[in-house]
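Encoded as structure tokens, the structure appears first; notes follow it.
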Amino acid sequence: MTTGQDKQHEKGTQMNIRGIAIGADHGSYEAKEMLKRYLESAGYKIIDVGTNNSTVKVDYPDFALAVARKVVSGECERGIMLDAAGIGSSMVCNKVHGIRAALCWSQKTIINSREHNNANVLTMGTSQHPKEELCVMAKLWLETKFEGGRHWPRINKMMSIEREGK
């Protein structure tokens, strides 16, 4: 599945990000709220898919799926999902046709996920980073452009595996 964002990159330009879906489980609620405020203050439109508190236990797959669906529907160009480690959320998001979720833990993995893999969902583990670092990483991910060029054949191969795996 080629998204509007992919088509824009094929033309060699960077599409402005109009919307970002953001979600978290109960353990990452506070980090999500802080990240949401930070990104809104930077001018991004945030679509919060929940959870809406830190006291009621919830299952991260429900929110990871909601983030992924906002991205594949085109309502949001990118998504960010937070849980304790980020691993489970990445796995859930990547089950959704058209999603290229990347679990990132450093600036190097953030840049690679965008420049080489054109990731459209970022997952991060909130127990792995101070809240302020999550903001820096998310901002870097949102600002890093897909390089296209030599990376397109690999992206196309990755997406063909998804199509053939049914």
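May I ask you to say which residue of Lys166, Lys145 is outside any helix (DSSP H, G or I), over 21 Å from His26 (Cβ atoms) and modelled with pLDDT under 90? I'd like the intermediate steps shown before the answer.
Numbers: Lys145 fails: modelled with pLDDT under 90.
On inspection, the qualifying residue turns out to be Lys166.
All but one of (1) aliphatic (A, V, I, L, M); (2) within 14 Å of Ala24 (Cα to Cα); (3) assigned to a helix (DSSP H, G or I); (4) out of contact with any helix residue (DSSP H, G or I) (no Cβ under 8 Å at 6 or more places or on another chain) hold for Leu134; which doesn't?
Tallying (1) aliphatic (A, V, I, L, M); (2) within 14 Å of Ala24 (Cα to Cα); (3) assigned to a helix (DSSP H, G or I); (4) out of contact with any helix residue (DSSP H, G or I) (no Cβ under 8 Å at 6 or more places or on another chain), Leu134 fails exactly one: (4).
May I ask you to list pairs of residues, at least six apart or on different chains, whose Cβ atoms are under 7 Å apart, with the first in region 134-151 being free of Cβ contacts under 8 Å to residues at least 60 places away in the same chain and surrounded by fewer than 16 Cβ atoms within 10 Å (Cβ to Cβ) and the second being of a type in the set (Asp, Glu) and outside any loop (DSSP other than H, G, I, E, B)?
Hits for this filter: Glu147/Glu115.
Please verify whether Ile155 is buried (at least 18 other Cβ atoms within 10 Å of the Cβ) and farther than 23 Å from Ala31 by Cβ, treating the condition exactly as stated.
Yes: the conditions hold for Ile155.
If Met124 meets every condition in (1) within 21 Å of Glu40 (Cβ to Cβ); (2) of a type outside the set (Lys, Arg); (3) part of a helix (DSSP H, G or I); (4) within 15 Å of the chain's Cα centre (by Cα) apart from one, which number is that one?
If we test Met124 against (1) within 21 Å of Glu40 (Cβ to Cβ); (2) of a type outside the set (Lys, Arg); (3) part of a helix (DSSP H, G or I); (4) within 15 Å of the chain's Cα centre (by Cα), just (3) comes out false.
Scan region 48-57 for residues that are in a loop (DSSP other than H, G, I, E, B) and among the charged types (D, E, K, R) and jot them down.
Matches in region 48-57: Lys57 only.
Considering only residues that are at pLDDT 95 or above and either in a strand (DSSP E or B) or in contact with a Lys or Arg (Cβ under 7 Å, 6 or more places away or on another chain) (or both), which ones fall in region 7-41? Quick ask: steps written out before the conclusion?
Within region 7-41, the subset at pLDDT 95 or above is 19-41.
Across region 7-41, the qualifying residues are Gly19, Ile20, Ala21, Ile22, Gly23, Ala24, His26, Ala31, Met34.
The values are calculated or read from the model by the stated rules, or taken from the named source; none is laboratory data. Quick caveat: nothing in here was measured; it's all calculated off a predicted structure. Because the Cβ atoms are built from the backbone with ideal geometry, glycine has one as well, and the counts that use them run over all protein chains shown.
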